[in-house]
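Written below as structure tokens is the structure these notes are about.
The values are calculated or read from the model by the stated rules, or taken from the named source; none is laboratory data. Model, not experiment: these values are computed from the prediction. Methodologically, a virtual Cβ is constructed for each residue, glycine included, from the backbone with ideal geometry; neighbour enumeration extends over all protein chains shown. SASA here: full protein model, heavy atoms, side chains in, ligands and nucleic acids out. Shrake-Rupley method; radii C 1.70, N 1.55, O 1.52, S 1.80 Å.
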Amino acid sequence: MTQPIYVTQPYLPPLEEFIPYLQKIWDSKILTNGGPFHQQLEQALCEHLGVKHLALFTNGTIALVTALQALRITGEVITTPYSFVATAHSLLWNGIKPVFVDVDPNTLNLDPTKIEAAITPQTTAIMPVHVYGHPCDVDAIQKIADNYNLRVIYDAAHAFGVQDKAGSVLNHGDLSVLSFHATKVFNTFEGGAIICPDAKTKQRIDHLKNFGFVNEVTVVAPGINGKMCEFNAALGLLQLKHIDQALARRQEIDATYREQLTGVKGIHCLSQAGEKVANYAYFPILAQPDYPLSRDALYDKLKQHGIHARRYFYPLISDFPMYRSMPSAQRSNLPVAADAASKILCLPIYPALQSQEQQRVIDLIKGA
Ligand SMILES: *Cc1c(COP(=O)(O)O)cnc(C)c1O
């Protein structure tokens, strides 16, 4: 029996390389609260990513929740239904009403031409997602935000290392949020970060992730415990040493899929969205009506052969019970997202995926 193949497999550096980091933690007995590895990783990521300030978090979801609090967002926030559920959950955790707007059919990112119609006097911000690491139309979104005096917080959970013509895609908007979950391109087992442009905001974020403490006796806000511990930070430092190699292998896998699947009747490979440096985090295909199988039949067929492709993002966030009664969650408001959710399939892509394994995936799709 061949090993099952999952949509992703976390990248783990050689274990022996991690031992010296553990030794340091054991020697110093500093386990958390902004220890040396935490400080080093914040610095190293700023340099690697080309961003000014970065605050590490215990995970991406707590980072999203905190990002909204850092900017004191209230009322309504315009967001996308086509994402991982944490995007909208972060709004509910803050007592904010998500307002879903449809996505662009080419990128599956929030469609800027549909945002204005959803703005009300309660709207305070836009929370778009760089889905699959493909950049949003950041210029159009910023223009709307400027016109209506709205803040922009990007859920950039998929966008580690992505650059557009202006440099890191993480520099757009007011804040960007990364996830370092095991399934992401760069992982610290669990982890996340907020990227912000100025030291003052970074300081507020640092307070908010530590219960609101600004010193031993002063608490300025009902902050959360969102601190990344030294173990995870050390994993990040080690992971960073291997990231270029990991991305290079992802790029090869992406190229092979594109070469072999382009021209297969009924299979559409989602293309990049103008990034200058991509991260090949996902390989999404759409099973069109002229493909011999439905998306779900293809999903089942692959599964029967031990290949666990994933339907990211199906169901839409707006179809989950805590959202579906909202007016903006109605299918008639989100036709493009609903159509994509019914056709999408993300194929296995990760550095350790073997060429013959990838070929098996391709052959199964071609032979449908
Ligand atoms: C993974 C992910 C998150 C949540 O990140 P965690 O680190 O798992 O909490 C949020 N948004 C999107 C789009 C994601 O893919």
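Structure above, values below:
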read-out	value
ALA329 buried (at least 19 other Cβ atoms within 10 Å of the Cβ), touching a Leu at 6+ places or on another chain (Cβ under 6 Å) and either free of Cβ contacts under 8 Å to residues at least 12 places away in the same chain or not assigned by TED's automatic domain parsing to the domain that holds PHE84 (or both)	no
Total residues in region 148-164, condition under 19 Å from PRO112 (Cβ atoms) and either in contact (Cβ under 8 Å) with a residue 40 or more places away in the chain or part of a loop (DSSP other than H, G, I, E, B) (or both)	10
Elements of type helices (runs of 4 or more DSSP H) contained in region 1-118, each with 2 or more residues being open to solvent by less than 20 Å² (accessible area, probe 1.4 Å), touching a helix residue (DSSP H, G or I) at 6+ places or on another chain (Cβ under 9 Å) and not aliphatic (A, V, I, L, M)	36-49, 60-70, 86-92
Filter result for HIS172 (modelled with pLDDT of 95 or more and open to solvent by 30 Å² or more (accessible area, probe 1.4 Å))	yes
Which numbered condition ILE144 fails, given (1) open to solvent by 30 Å² or more (accessible area, probe 1.4 Å); (2) not in a loop (DSSP other than H, G, I, E, B)	(1)
Test: residue in region 165-188 that is basic (Lys, Arg), within 16 Å of the ligand (Cβ to nearest atom) and part of a loop (DSSP other than H, G, I, E, B)	yes
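Here's the yes/no breakdown for (1) open to solvent by less than 10 Å² (accessible area, probe 1.4 Å); (2) under 27 Å from THR66 (Cβ atoms); (3) part of a helix (DSSP H, G or I); (4) assigned by TED's automatic domain parsing to the domain that holds HIS207:
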| position | (1), (2), (3), (4) |
| --- | --- |
| ALA233 | yes, yes, yes, yes |
| ALA255 | no, no, yes, no |
| GLU259 | no, no, yes, no |
| SER271 | no, no, no, no |
| GLY274 | no, no, no, no |
| TYR280 | no, no, no, no |
| ASP290 | no, no, no, no |
| ALA297 | no, no, yes, no |
| LEU302 | yes, no, yes, no |
